[in-house]
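Read the structure below first, then the notes.
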Amino acid sequence: MKPGSAGLRRVHVSGERAVFVALVVLVSGLSVVPMGRLVLESIAPGGQFGTGVLHEVLDARSTWRATWRSLETAVGGTVVSVLLGGAFALLVALTDIRGKRALVFCFLIPLMIPPQVTALSWVQVLGPSSALLNTLGIAPPLGTPNPIYSREGIIALLGIQHAPLVFLALRAGLRSMPREMVESARAAGAGHWRVLFTVVSPLMTPALVAGTALAFISSVGNFGINAFIGIPASYTVLPTLIYKRLAGFGPDVISEVAVLSVLIGVIAFSGVLIQGWVLRKRDYRTVGVPSQPLAYVLGGWRPVAETLCWALIVLILVLPVTALLATSLVSAYGVPLTSATATLDNYAEVMFRQAVTIRAFSNSFVLAGGAAIALTAIAIPLAYFIVWRPSPLARLLNLIAELPYALPGVVLAIACILLFLKPIPIVHLTIYSTLWIIFVAYLGRFLTLALRPTISGFHQLDRQLEEAAQMAGASYLFRLRTVLAPLVAPIAVAGGLLVFMTAFNELTVSALLWSSGSETVGVVVFNLDDGGFTVLAAAVAMLTVIAIVALMLVSSACSRWMPRGLLPWEA
């Protein structure tokens, strides 16, 4: 060993250890600390241990009515998601229908579109004020209730919004299924339907349960749909109950909403526990490796299946977006779209004249872009330690990074309010009622979106270049900057793009954290519609839809530089 090499190695190891310690502190601060503060407030309101507030909240009739309604809509929405997503996955993954890539792209758009836009667009589809129905001359008489403002309307929209989650889980399971098992059943004389129900369906139980759990958890914490549809319909669920309490009483009820947030978290976590219990009841391991995907030849039924698939796309995507577009182009809400009423003034108003909408677009761009850049930078070294330097603590970091995203967004929002309601100790810095509190919440909320693809990228990379640089005496930070980051950059950037698309239109977190001057696009859509400026809200919503679809198309164009399967609509 050369003189000084041992000391150089110690410096390199200490540098690597310092980065790892910094990541432990950072991830814990974004995930564990806020959640711990939330739980503490629910059992020790104001810093004093006691059960008074807990009993008061749990004894309130409004709490259990909202809880029941949350379960009712979440279960109903999950059933709709399973039916839509499951049927679509079977047709796309198991048959020879044409245009699969376009079908998948369109089917996943409702998942990428923010829920408040989904709700607003469907409000424009039905009811006497629908610009689309008035243009077609089939609008119901004035005074007729809009059927979307109901429990059934909430369930239907939750089902449409989260059906892609079930589809993605099932499609992944179908693609990983060994084809030999199906071919053996066919060789034994089993027909298509018998193979589907006796071989494919049992093997897909883990994927189906996972997709169902995701849809349920997402439905429990969904704020946009429940707020847009539930508040006008006086149908209050737990997330909107928290919003109403905070909007009406402010920080004075923070201990009460902390208990409600913990209750939402318990319901969501129960879905995870039920998922684990169902999967533990049987052994779903298979023998063999995935081979060429199955493709049932539909023959004369193929045009029918393709027609049904595209009819579904028209129903869940084209129809509501068309209605939203029509509303955004009329001069006043409720009038038909004609050459005399058509105008682009609503777009000019929200893009160039209204200070609040201009500021909201700026804020959302800064927040989403800043979160994407910061989380991409965090994800690269964190994924390195998780994949290439595995340890119990690294695996624990991997798990706790998912916590803020796995739980409903309203839980994280209340946790951040509790954490930053008072100035930060030592530095005496206040970020409450500023844009920074939303930014910190975004970092915690969307860390896993940047981390998942980056981890996948490290699994696919060859370590030889990094090991060669290490043997040549390069420090960890130098290797990170010159070797690791360039190698994993395309995948990490894709993760950052997912963060940007998700954060740009986010509402659940920002609806509880925004203040004057820190409005986001999601908040502006909600406030404009709530204030009766529906045509302006529709214009902002259409701009967000255009932005999301454009980003998806740009991502698809760049997919050649990314690993296969990284973009869900390209897999």
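So for segment 19-34 (the condition being modelled with pLDDT under 85, outside any helix (DSSP H, G or I), surrounded by 12 or more Cβ atoms within 10 Å (Cβ to Cβ) and at negative phi), does at least one residue qualify? Working first, answer last.
Kept after step one, since they are modelled with pLDDT under 85, are these residues of segment 19-34: none.
For segment 19-34, residues modelled with pLDDT under 85, outside any helix (DSSP H, G or I), surrounded by 12 or more Cβ atoms within 10 Å (Cβ to Cβ) and at negative phi: absent.
Would you be able to tell me the number of residues in segment 485-496 that are crowded, with 23+ Cβ neighbours inside 10 Å and not small (G, A, S)?
Residues in segment 485-496 being crowded, with 23+ Cβ neighbours inside 10 Å and not small (G, A, S): 2 in total.
Answer yes or no: is there a residue in segment 199-215 that is part of a helix (DSSP H, G or I) and more than 22 Å from A163 (Cα to Cα).
Yes, the conditions are met somewhere in segment 199-215.
Among the listed residues A93, A87, which satisfies the condition of being within 30 Å of L298 (Cβ to Cβ), assigned to a helix (DSSP H, G or I) and without any contact (Cβ under 8 Å) to a residue 12 or more places away in the chain?
A87 is the lone residue from the list that is within 30 Å of L298 (Cβ to Cβ), assigned to a helix (DSSP H, G or I) and without any contact (Cβ under 8 Å) to a residue 12 or more places away in the chain.
Output the qualifying pairs, or none if there are none: Cβ atoms under 6 angstrom, residues six or more apart or on different chains, first residue in segment 405-434 and part of a helix (DSSP H, G or I), second residue of a type in the set (S, T, Y).
Y405/T448; G409/T508; V410/T508; V411/S261; I414/S261; F420/Y432
Of these, I138, I154, which one is within 23 Å of V321 (Cβ to Cβ), of a type in the set (A, V, I, L, M, F, W, C) and crowded, with 21+ Cβ neighbours inside 10 Å? Spell out how you get there, then give the answer.
On the way: I138 fails: crowded, with 21+ Cβ neighbours inside 10 Å.
The match here is I154.
Report those helices (runs of 4 or more DSSP H) wholly inside segment 450-551 carrying at least 3 residues which are touching a residue at least 40 places away in the same chain (Cβ under 8 Å) and within 25 Å of the chain's Cα centre (by Cα). Show your work before the answer.
On the way: elements: 464-471, 476-479, 485-504, 510-513, 521-530.
By residue number, 485-504, 510-513, 521-530.
Given the conditions (1) touching a Gly at 6+ places or on another chain (Cβ under 8 Å); (2) modelled with pLDDT under 90, and given that L133 satisfies all but one, which numbered condition is not satisfied?
(2)
Going by what's in this entry, would V117 be described as within 30 Å of A547 (Cβ to Cβ) and modelled with pLDDT of 90 or more?
Yes: the conditions hold for V117.
When the residues of segment 114-168 are narrowed to those that are in a helix (DSSP H, G or I), β-branched (V, I, T) and over 30 Å from M204 (Cβ atoms), which ends up farthest from the chain's Cα centre (by Cα)?
Only one residue tops the list, namely T135.
With respect to L393, is the statement that it is in a helix (DSSP H, G or I), without any contact (Cβ under 8 Å) to a residue 12 or more places away in the chain and closer than 30 Å to T482 by Cα true?
Numbers: in a helix (DSSP H, G or I): yes; without any contact (Cβ under 8 Å) to a residue 12 or more places away in the chain: no; closer than 30 Å to T482 by Cα: yes.
The answer is no for L393.
Is there a residue in segment 95-113 that is more than 20 Å from the chain's Cα centre (by Cα) and at positive phi?
Initial filter on segment 95-113 (more than 20 Å from the chain's Cα centre (by Cα)): 95-103.
Then drop every residue that is not at positive phi, which leaves 99.
Among the residues of segment 95-113, at least one is more than 20 Å from the chain's Cα centre (by Cα) and at positive phi, which makes the answer yes.
Please name all residue pairs, on different chains or six or more residues apart, with Cβ atoms under 6 Å, provided the first residue is in segment 36-60 and is of a type outside the set (D, E) and the second residue is modelled with pLDDT of 90 or more and not in a helix (DSSP H, G or I).
Cβ pairs passing all conditions: none.
Taking only segment 497-520 into account, find how many residues are surrounded by fewer than 20 Cβ atoms within 10 Å (Cβ to Cβ) and of a type in the set (D, E, K, R).
Result for segment 497-520: 0.
Looking at (1) surrounded by fewer than 16 Cβ atoms within 10 Å (Cβ to Cβ); (2) closer than 16 Å to A22 by Cα, which one does H428 not meet, given that it meets all the others?
(2)
For segment 248-264, give me each residue that is in contact with a helix residue (DSSP H, G or I) (Cβ under 9 Å, 6 or more places away or on another chain) and either within 20 Å of G230 (Cβ to Cβ) or among the polar types (S, T, N, Q) (or both).
F249, V253, S255, E256, V257, L260, S261, L263, I264
Go through (1) part of a loop (DSSP other than H, G, I, E, B); (2) under 30 Å from G50 (Cβ atoms); (3) modelled with pLDDT under 90 and name the single condition T236 misses.
Unmet condition: (3).
Take I437 and tell me if it is in contact with a Phe, Trp or Tyr (Cβ under 9 Å, 6 or more places away or on another chain) and either outside any helix (DSSP H, G or I) or of a type in the set (A, V, I, L, M) (or both).
yes
The values are calculated or read from the model by the stated rules, or taken from the named source; none is laboratory data. Small disclaimer: the values here were computed from a predicted structure and weren't measured. Positions of Cβ are generated from backbone atoms using ideal geometry, with glycine treated the same way; all protein chains shown enter the neighbour counts.
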